[in-house]
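First up is the structure itself, then whatever we jot down about it.
The values are calculated or read from the model by the stated rules, or taken from the named source; none is laboratory data. These numbers come from a predicted model, not from an experiment. Cβ sites come from the backbone with ideal geometry, for glycine too, and all protein chains shown count toward neighbours.
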């Protein structure tokens, strides 16, 4: 494990938050909570429990029910991975919790019955099931192909869940998410607008909403407020990461605007959420923090928006949405494309933050402030 020197205050409370790195040795309960919160942050490839807390707070202010399911599913995923005796370090880094986190918000959005016991049971079951599936994904992608597993587990199981729900009495559709499906054969209106048949807003206002709603849509929340809290949560660990989230979501939105895609779906962040994760996850986390990788990260974010548009049309006949498939394809495609460049890819066991990679490039040595690796 590589260790990086950093100022004491920064090392304890930013980056990968080493202040609680050994908390599981003092209390198994606190260790599980810390792991679950790290998993919530890992939704956008940030291994920091403070990030997870801020994410949950933002979701709670927008929709308390979704916040309860999110935290509950993250905890259940952590406990299931622990019970199955999976790699302890991976569990502590939240790598078996982030898929469960997403099933929490998926359940809130797509299951009927707010505060209903059946919604809790279904969501927790899906979160628990994601753990062994994630293990299989890790064995294939991480061990065999030496690339991060990302949210492929959620994309696969989530799609199957969306296919199943219409056949039950508990499923419902979120209109903001499913508009590309219902409109797939209608003439496209590229005007950025809040209402489906409303008047377009100005470009700056529209892109503002597209960007921050897009960041909110990372956790399936169509909300500028949630988007702002996610940026703040990322900033708690990585200021560069926070900037990349905004740039990535904006790049995805601009890709949609550039090809004349439906302005309603762009306005509501559906073209940007993949780009936010792609930009944060690539620059300084999966890729080294350099000019070339910055450009590659932003381009990949824009491409993820185009992939969203294409996959929306592909999946429309089945009544489902792409979820995180675009970001998985964009990130893995970028990693495979850049593998030939010397020192462009960060080793899987050394994933942390862009700030850490930049300090390493400036010759930081061993000392106080070791960084926990996050081989996601």
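Just a few scattered comments:
- The range 10-37, subset assigned to a loop (DSSP other than H, G, I, E, B) and touching a residue at least 40 places away in the same chain (Cβ under 8 Å), residue surrounded by the fewest Cβ atoms within 10 Å (Cβ to Cβ): 21
- Filter result (surrounded by 20 or more Cβ atoms within 10 Å (Cβ to Cβ) and at pLDDT 75 or above) within the range 166-206: 192, 193, 206
- Here residue 81 meets the list (1) over 16 Å from residue 218 (Cβ atoms); (2) surrounded by fewer than 20 Cβ atoms within 10 Å (Cβ to Cβ); (3) touching a helix residue (DSSP H, G or I) at 6+ places or on another chain (Cβ under 7 Å) almost entirely, failing just condition (2).
- Test: residue in the range 281-304 that is over 18 Å from residue 251 (Cα atoms), buried (at least 24 other Cβ atoms within 10 Å of the Cβ) and either in contact with a strand residue (DSSP E or B) (Cβ under 8 Å, 6 or more places away or on another chain) or modelled with pLDDT under 90 (or both): yes
- Residues (closer than 9 Å to residue 273 by Cα and over 13 Å from the mean Cα position of the chain (by Cα)) located in the range 213-246: 213
- For residue 323: the one exception among (1) in a helix (DSSP H, G or I); (2) modelled with pLDDT of 95 or more; (3) buried (at least 20 other Cβ atoms within 10 Å of the Cβ): (1)
- Pairs linking a residue in the range 72-91 that is within 18 Å of residue 138 (Cβ to Cβ) and assigned by the TED database to the domain that holds residue 124 to a residue that is outside any helix (DSSP H, G or I) and modelled with pLDDT under 95, with Cβ atoms under 8 Å and 6 or more positions apart or on different chains, are 89/372; 89/373; 90/375.
- Here residue 312 qualifies as farther than 18 Å from residue 346 by Cβ, modelled with pLDDT under 95 and not assigned by the TED database to the domain that holds residue 162.
- Residue 40 closer than 27 Å to residue 279 by Cα, surrounded by fewer than 24 Cβ atoms within 10 Å (Cβ to Cβ) and under 15 Å from the mean Cα position of the chain (by Cα): no
- The range 330-354, residues that are out of contact with any strand residue (DSSP E or B) (no Cβ under 9 Å at 6 or more places or on another chain), at negative phi and surrounded by fewer than 23 Cβ atoms within 10 Å (Cβ to Cβ): 332, 333, 336, 337, 340, 341, 342, 347, 348, 349, 350
- Flag if residue 137 is free of Cβ contacts under 8 Å to residues at least 24 places away in the same chain, closer than 19 Å to residue 332 by Cβ, in contact with a helix residue (DSSP H, G or I) (Cβ under 6 Å, 6 or more places away or on another chain) and not assigned by the TED database to the domain that holds residue 325: yes
- Among the residues listed as 95, 69, the single one being crowded, with 24+ Cβ neighbours inside 10 Å, in contact with a helix residue (DSSP H, G or I) (Cβ under 9 Å, 6 or more places away or on another chain), in a loop (DSSP other than H, G, I, E, B) and not assigned by the TED database to the domain that holds residue 236: 95
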